[in-house]
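Below: the structure, in structure tokens.
The values are calculated or read from the model by the stated rules, or taken from the named source; none is laboratory data. Quick caveat, the model's predicted, so the values are computed rather than measured. Glycine gets a Cβ as well: all are built from the backbone with ideal geometry, and neighbour counts include every protein chain shown.
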Amino acid sequence: MKSVITTVVTAADAAGRFPSSSDLESVQGSIQRAGARLEAAEKLAGNLDQVAQEGYDACIRKYPYLNNAGEANSTDTFKAKCLRDIKHYMRLVNYSLVVGGTGPLDEYGIAGQREVYRALGLPTAPYVAALSFIRDRGCAPRDMSAQALLEYNALVDYVINSLS
């Protein structure tokens with residue numbers, strides 16, 4: 001799985017060199033932020049179902065037409081799949097917080113997502129709305145420390161940008 005450390009080592013190895021001082025500074029910065037990332041991962045893991053449900057509900061409030069017959073959220077099965085997808089993205093954000101890189105998101109959430117959504121005729125704007133709500137609902141210090149929230153928001157933004 002791709003993390004800051006594996007990325008640095010792989011890049012240096014591919015170039016046939018040892019990691020440079022700037023490479024090591026990047027790793028050191030990641031290690032220094034590890035406590036905040038783990039705090040955010042712990043908080044998210046404890047509330048993942050609620051966070052995903054709130055994001056889903058916000059999405060449907062913004063795009064109520066999705067519940068109309070023939071639309072992407074018109075059946076109970078479609079509704080369950082939409083909520084499942086939001087939970088999937090949030091789990092991948094959690095995993096990325098733990099490893100300290102975007103590897104889980106890149107490998108299991110982003111690669112090919114646009115093609116899949118296009119092939120299935122699913123709009124990405126509702127997912128962006130759900131994830132934007134999830135990002136914006138976070139509050140320091142109510143939910144987590146400011147640094148933990150910063151780490152969390154950066155990864156949620158990463159997913160939002162991949163869907164935009």
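Quick notes on this one:
- Residues of the range 16-45 satisfying the condition of being closer than 15 Å to Leu155 by Cβ and not hydrophobic (A, V, I, L, M, F, W, C): Ser30, Arg33, Arg37, Glu39, Glu42, Lys43
Residues are listed down the side, and each one gets a yes or a no for (1) surrounded by fewer than 16 Cβ atoms within 10 Å (Cβ to Cβ); (2) within 17 Å of Lys81 (Cβ to Cβ); (3) of a type outside the set (Asp, Glu):
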site	(1), (2), (3)
Gly121	yes, yes, yes
Pro126	no, yes, yes
Phe133	no, no, yes
Arg137	yes, no, yes
Arg142	yes, no, yes
Leu150	no, no, yes
Leu155	no, no, yes
Ile160	no, no, yes
Leu163	no, yes, yes
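- Test set (1) farther than 29 Å from Ser3 by Cβ; (2) not in a helix (DSSP H, G or I) - Pro126 fails condition number: (2)
- Being assigned to a helix (DSSP H, G or I), surrounded by 14 or more Cβ atoms within 10 Å (Cβ to Cβ) and out of contact with any strand residue (DSSP E or B) (no Cβ under 6 Å at 6 or more places or on another chain) holds for only one residue in Leu44, Leu24, and it is Leu44.
- Checked against (1) closer than 26 Å to Leu97 by Cα; (2) not assigned by TED's automatic domain parsing to the domain that holds Val159, Cys59 passes all but condition (2).
- Selection status of Pro19, part of a helix (DSSP H, G or I) and modelled with pLDDT under 95: no
- In a residue-by-residue description of the range 140-151, the property of being touching a Phe, Trp or Tyr at 6+ places or on another chain (Cβ under 9 Å), of a type outside the set (S, T, N, Q), under 19 Å from Leu48 (Cβ atoms) and assigned to a helix (DSSP H, G or I) applies to no position.
- Of Ala119, Ala80, all but one fail to be over 13 Å from the mean Cα position of the chain (by Cα), over 23 Å from Gly46 (Cβ atoms) and either basic (Lys, Arg) or part of a helix (DSSP H, G or I) (or both); the exception is Ala119.
- Top-ranked residue in the range 61-84 [being free of Cβ contacts under 8 Å to residues at least 24 places away in the same chain and surrounded by 13 or more Cβ atoms within 10 Å (Cβ to Cβ); ranked as farthest from Tyr127 (Cα to Cα)]: Thr75
- Test: residue in the range 88-109 that is without any contact (Cβ under 8 Å) to a residue 60 or more places away in the chain, farther than 23 Å from Leu38 by Cα and in the same structural domain as Ala45 (by TED's automatic domain parsing): no
- Residue within the range 49-61 that is closer than 17 Å to Asn153 by Cβ and not aliphatic (A, V, I, L, M) present: yes
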